[in-house]
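The values are calculated or read from the model by the stated rules, or taken from the named source; none is laboratory data. Keep in mind that this is a model prediction, so the values were computed, not measured. In this analysis, Cβ positions are derived from the backbone assuming ideal geometry, glycine residues included, and neighbour counts consider all displayed protein chains.
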Amino acid sequence: MHTTTPPGGTKRSAIRLTRRGWIAVIAIGTAAAATAVAVPLLLPDDEARPKTLTVPEGWRSGQVYAAVDKALKVRPGTTKQTVSKTDLKLPGDAGGNPEGYLFPATYPIGSQSTPASVLSYMVNTANKKFSGGHVTAGADRNAVNVYQTVTIASMVEAEADSEKDMGKVARVIYNRLDRGMPLQMDSTINYALNRSTLKTTNRDTKISSPYNTYSRMGLPPTPISNPGEAAMRAATSPAPGDWLYFVTVKRGDTRFTARYEEQQRNVAEFNRNGQRAAAH
């Protein structure tokens with residue numbers, strides 16, 4: 001566990017604020033398709049039964065690129081190289097990086113599909129989803145812009161143990177931002193290190209990266225995954241509460257608290273249970 005600083009105090013005993021710092025790699029297939037949103041992709045009429053590509057919630061852009069390469073049977077790395085050559089309709093804050101805007105869905109793939117056409121449709125779908133009045137109104141209520149809302153949703157997607165906890169995780173993020181506290185999310189460090197793990201060492205928290213939310217204040221510069229609709233709902237309408245910490249004591253039992261001392265007790269129970277998850 002890592003040393004953290006409680007609000008208004010000095011460094012206390014070593015605990016880690018984040019519950020987990022990983023994004024599950026979900027195989028493309030029936031299980032993923034069951035929860036994905038079906039999105040029509042404009043295809044030529046020469047294929048009556050096109051193949052499909054499923055992008056699960058929480059995949060990083062690198063995972064999406066690899067899946068597109070495989071679906072289109074092109075050389076590995078082709079889709080990633082296509083990004084800079086394609087006029088993707090991304091917000092200015094993205095700086096040309098589509099992370100967060102490759103919307104999770106099931107996409108039909110036809111013989112005329114290209115990496116550029118598939119990526120463009122994903123981004124266009126995200127723009128439609130993210131431009132609704134409820135998203136912009138939620139961003140205004142939370143004093144952030146839409147791109148920052150997508151960034152928060154991406155962390156919620158990575159950190160929440162279940163969909164029912166997403167609203168609370170989002171509230172912890174906003175509360176810590178409002179208090180001027182570092183977010184201390186393991187998931188952002190894992191993104192910087194291009195890995196998925198339940199373990200974050202003290203050395204990891206010292207890495208020099210704009211995604212190190214232990215050492216840097218505020219949000220990471222970009223989303224860290226491609227969030228789904230549930231995570232976006234949580235980011236736009238977080239649950240009401242004063243929580244600053246959370247920890248998954250055991251699977252299905254994530255406890256949220258505003259008190260550092262209570263968090264310490266919860267972490268102690270987590271350790272007793274021998275759970276291989278990270279504390280928030």
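Report, by residue number, each residue of segment 220-242 that is out of contact with any Asp or Glu (no Cβ under 6 Å at 6 or more places or on another chain) and crowded, with 21+ Cβ neighbours inside 10 Å.
Taking segment 220-242 and keeping what is out of contact with any Asp or Glu (no Cβ under 6 Å at 6 or more places or on another chain), we get 220-221, 224, 226, 229, 232-242.
The answer is PRO220, ILE224, ASN226, MET232, ALA234, ALA235, THR236, PRO238.
Screening segment 137-170 for residues that are among the aliphatic types (A, V, I, L, M) and surrounded by fewer than 24 Cβ atoms within 10 Å (Cβ to Cβ) and picking the one that is nearest to ASP242 (Cα to Cα) gives ALA143. Report yes if GLU157 is more than 30 Å from TYR260 (Cα to Cα), of a type in the set (Asp, Glu) and under 13 Å from the mean Cα position of the chain (by Cα), otherwise no. The answer is no for GLU157.
One residue is enough: does segment 200-210 have a residue meeting the conditions within 13 Å of THR151 (Cα to Cα), crowded, with 19+ Cβ neighbours inside 10 Å and in contact (Cβ under 8 Å) with a residue 12 or more places away in the chain? No, segment 200-210 has no match at all.
If only residues of segment 76-134 that are in contact with an Asp or Glu (Cβ under 6 Å, 6 or more places away or on another chain) and in a helix (DSSP H, G or I) are counted, the one that is farthest from THR149 (Cα to Cα) is THR78. Considering segment 173-192, and only residues there that are hydrophobic (A, V, I, L, M, F, W, C) and closer than 20 Å to MET232 by Cβ, the residue that is modelled with the lowest pLDDT turns out to be MET185.
If only residues of segment 247-267 that are assigned to a loop (DSSP other than H, G, I, E, B) and of a type in the set (D, E, K, R) are counted, the one that is nearest to the chain's Cα centre (by Cα) is ARG251. Put simply, of ALA116, ALA34 the only residue that is surrounded by fewer than 17 Cβ atoms within 10 Å (Cβ to Cβ), at pLDDT 95 or above and aliphatic (A, V, I, L, M) is ALA116.
Might you let me know whether segment 253-275 holds any residue that is surrounded by fewer than 16 Cβ atoms within 10 Å (Cβ to Cβ), among the charged types (D, E, K, R) and modelled with pLDDT of 95 or more? Even if it seems obvious, please write down each step before you answer.
Our first condition is that a residue be surrounded by fewer than 16 Cβ atoms within 10 Å (Cβ to Cβ); within segment 253-275, this holds for 253, 258-259, 261-262, 265, 268-269, 271-274.
Checking the rest, the ones that are also among the charged types (D, E, K, R) come to 253, 259, 261-262, 265, 269, 272.
In the following step, the residues that additionally are modelled with pLDDT of 95 or more were identified as none.
No, segment 253-275 contains no residue that is surrounded by fewer than 16 Cβ atoms within 10 Å (Cβ to Cβ), among the charged types (D, E, K, R) and modelled with pLDDT of 95 or more.
With the condition kept exactly as written, say whether any residue in segment 219-239 is in contact with a Pro (Cβ under 8 Å, 6 or more places away or on another chain) and hydrophobic (A, V, I, L, M, F, W, C). Lay out the reasoning, then the answer.
If we filter segment 219-239 for residues that are in contact with a Pro (Cβ under 8 Å, 6 or more places away or on another chain), which is where we start, we get 220-221, 226-228, 235.
So of that shortlist, the ones also hydrophobic (A, V, I, L, M, F, W, C) come out as 235.
Scanning segment 219-239, I find at least one residue that is in contact with a Pro (Cβ under 8 Å, 6 or more places away or on another chain) and hydrophobic (A, V, I, L, M, F, W, C), so the answer is yes.
The single condition from (1) modelled with pLDDT of 95 or more; (2) in contact with a helix residue (DSSP H, G or I) (Cβ under 7 Å, 6 or more places away or on another chain); (3) buried (at least 17 other Cβ atoms within 10 Å of the Cβ); (4) outside any helix (DSSP H, G or I) that TRP59 fails is (2).
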